[in-house]
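So the structure is just underneath, and the comments pick up after that.
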Amino acid sequence: MSEQNAQKHSFQAEVAQLLHLVTHSLYSNPEIFLRELISNASDACDKLRFEGINHPEYYENDPDLHVRVSLNKENKTMTISDNGIGLSQQEAIDNLGTIAKSGTKDFMSKLTGDQKSDAQLIGQFGVGFYSGFIVADKITVESRRAGEDAANGVRWISGGTGEFEVEQIDKASRGTDIILHLRDDALEYLESYKVKQIINKYSDHISLPIEMQKEVWQEETAAEGEEPQGGQYVKTDEWEAINSASALWTRNKNEITEEQYIEFYKNLSHDFEAPLTWAHNRVEGSTEYTQLLYIPSKAPSNIFTREAKAGIKLYVKRVFILDEADNLIPNYLRFVQGVVDSADLPLNVSRELLQESRDVKTIREGNTRRILTVLDGLAKSEDEKDQEKYQAFYAEFGSVLKEGLGEDLTNRERILKLLRFASSENDEVQTSLADYKARMKEGQKAIYYVTADSLSAAKNSPQLELFKKKGIEVLLMAERVDEWAMEFVQEFDGTPMQNVSKGAVDLGDLQDAEEKKALEAAAEQFKPVVEKLSGSLKEKTKEVRVTTRLVDSPACLVTGEGELSPQLVRMLKQAGQPVPESKPILEINPEHPLVQKLDGSAQFDDLAHVIFDQAVIAEGGLPDDPAAYVKRINSLLLK
Ligand code: ADP
Ligand code: MG
């Protein structure tokens, strides 16, 4: 094809920015470019296998899929070829000119603008196809899509600056050749031993053969009667596989090294940190499948947004079917990354079909159980390393896991066992519910907890005063999800769980008869005050009553059984959700001087509102009318 056919295109702005960084940085780890390009070649072969199910003609006469790496010292080029799906002209323009890959987007969001640290990052992360420009000052891509005529090939050329060129070419063989024109400082990648090393390190687990030309040792021709002085390796026409070429998850556990598991994870997840742990199992029974599931060390930045995607790839008999398979893992375990390879699902399974499949349901349950078991193992382990891992896990994903209390009824008890909370006795170390239970006082019939907007608000909550006085431990819950999640929990291991800011306090046997009598007497004595208070505050409270739960505070707000707490109401309002109007109960402390002052006070109404508003503030809220509150306080101060 003639050069005149070449069209110039500009890269998308983000790509140009990325390329600038790639071509102007020094890398701690430049060799990752090969991992990225081989991974693309392997993806292209996976896609051919998948499309080939309905289009066997795509295989043409070339059914054995492979990736070939060839080195040319004369031209200073390295070529990575695959006979996968290939690219049409439009696909080359779209896919090599814009960033679609979420991993790369994530990388872009992590950029600091500081050359040095960004270069570090890129060196570990890899940025897909564009990683090629780490070692090349020009990349030529030649490709033909499966099913197209030989005349419909495409050549894509770029020097890694703002533009690329595209032209139509003849290409007999299906698939893609990526030709890297190596920079002068990257010529070490023309040495085959070096390239083999890199392939073994990063790409051993790739499920198709990565081949290089076989080399043989050729001795120098020596002069008559003399021994040859040396020789060299020369390439033959034969190709040999460098990697093991079996999908990692199909191999036997004890044949896989830790490094191989970690590399596989990095490739799969585009995470540059090693995973925290993993589980690899072949599951047999009514449904047969292999699961290789990883728990990452760090949560992605979007874990709490709608963009968060499930990290499971589905294969059927080693054929890649789809990624982000959210039917294979519950939402509350969306941080799990991995592969499921089913022996039973049909190859032409779609996302829609997955939803209804019984096998899928079984796999999902199996994956859930496996992850919970792994977590339980870490949590219970005596090994310090495991404990640290569990703490790291919990710090990153604990609040995601809690969503499971509402989502997964079957495993609720198992999830509860995995949760950790600060407590009124010790807010630095987190405790499990089982440990709390073991410390419960004699006669204590419930696990007590308080929810609030922050740990300090929880710790200093007026509702805790009586518990502190009596030395009863209360769990402090201050995460956004707690309030919602705990709505689903009535008990743990047979012991009721009670939110101390809900309903009346009933300490059961922990309260002696005398205390109960005193409360009754106080209720009788304060009856007129309570009635008058109810009148003054009828817009704001549902009920006013006398309590023994307070020691230092004059009053506190309590939510009626089965009603939304003030924190939850605030949270829902912030999220723009409609909230049913519900009024709290005001409980007053008959021992408090301010409350005692109420009876017969000339400023009863002002005092009543101040006491109520202070109870709101103690909860972490704001008075409905802050200005009126200030005015009242000032008027009282002046008296
Ligand atoms: P990702 O692999 O995450 O999609 P890359 O930057 O590595 O991102 O690749 C961008 C896109 O370019 C791929 O999604 C694919 O569409 C296309 N591509 C890259 N290499 C090949 C190849 N060898 N064969 C076919 N398409 C390819
Ligand atoms: Mg890629």
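Counting only protein heavy atoms and using a 1.4 Å probe, what share of the accessible area of segment 510-638 belongs to carbon plus sulfur, as a whole percent?
Carbon and sulfur together cover 55 percent of it.
Assuming 0.36 nm per residue, please report the length gained on full extension of the stretch Ala518 to Thr221 beyond their Cα-Cα distance.
Working it through step by step, the gained length comes to 95.8 nm.
Tally Lys/Arg at +1 and Asp/Glu at -1 over every other residue whose Cβ is under 15 Å from the Cβ of Asp204; what's the total?
-2
If r is the Cβ-Cβ distance from Glu425 to Leu26 and R0 is 35 Å, what FRET efficiency results, to the nearest 0.05?
The computed FRET efficiency comes out at 0.10.
What does the accessible area per residue of the chain come to in Å², with a 1.4 Å probe and no ligands, DNA or RNA counted?
49
Calculate for the chain the 222 nm mean residue ellipticity that helices alone would give, adding -39,500 (n - 2.57) per DSSP H run of length 4 or more and normalising by residue count, nearest 500 deg cm²/dmol.
Roughly -11000 deg cm²/dmol at 222 nm, from the helical runs in the chain.
Could you tell me the relative contact order of segment 248-386? Use alpha-carbon pairs under 8 Å, at least six residues apart, and round to a whole percent.
It rounds to 21 percent for segment 248-386.
Quick one: compute the contact order of segment 386-432, relative version, from alpha carbon pairs under 8 angstrom and 6+ residues apart, as a percent.
23
Could you work out the Kirkwood radius for the chain, taking every pair of different alpha carbons, averaging 1/r and inverting it, reported in Å?
In the chain this quantity evaluates to 29.7 Å.
Carbon and sulfur: what percent of segment 1-50's accessible surface (1.4 Å probe)?
48
Between Pro496, Phe421, Met486, whose Cα lies farthest towards the positive end of the dipole of segment 420-506 when Lys and Arg beta carbons carry +1 and Asp and Glu beta carbons carry -1, centred on the Cα centre?
Pro496
Using only Cα atoms, locate the centre of segment 515-534 and the centre of segment 553-608, then give the distance between them in Å, rounded to an integer.
Cα centres, segment 515-534 to segment 553-608: 17 Å.
Plugging the Kirkwood radius over Cα pairs into Stokes-Einstein for segment 248-386, at a temperature of 4 °C and a viscosity of 1.567 mPa s, what D comes out in µm²/s?
84
Within segment 420-506, what whole-number % of the accessible surface is contributed by carbon and sulfur, with the 1.4 Å probe and all protein chains included in the calculation?
It is 46 percent, rounded to a whole number.
When the scattering of segment 126-229 is computed by the Debye formula from its Cα atoms alone, each counted once and equally, what is log10 I(q)/I(0) at q = 0.14 Å⁻¹?
With no solvent term, the Cα-only Debye profile gives -0.78.
The values are calculated or read from the model by the stated rules, or taken from the named source; none is laboratory data. Everything numeric in this text was worked out from a predicted model, so none of it was measured. Here the Cβ is made from the backbone with ideal geometry for all residues, glycine too, and neighbour counts use every protein chain on show. Side chains are part of the model used for accessible areas, which takes the heavy atoms of the whole protein and leaves out ligands, DNA and RNA. Shrake-Rupley method; radii C 1.70, N 1.55, O 1.52, S 1.80 Å.
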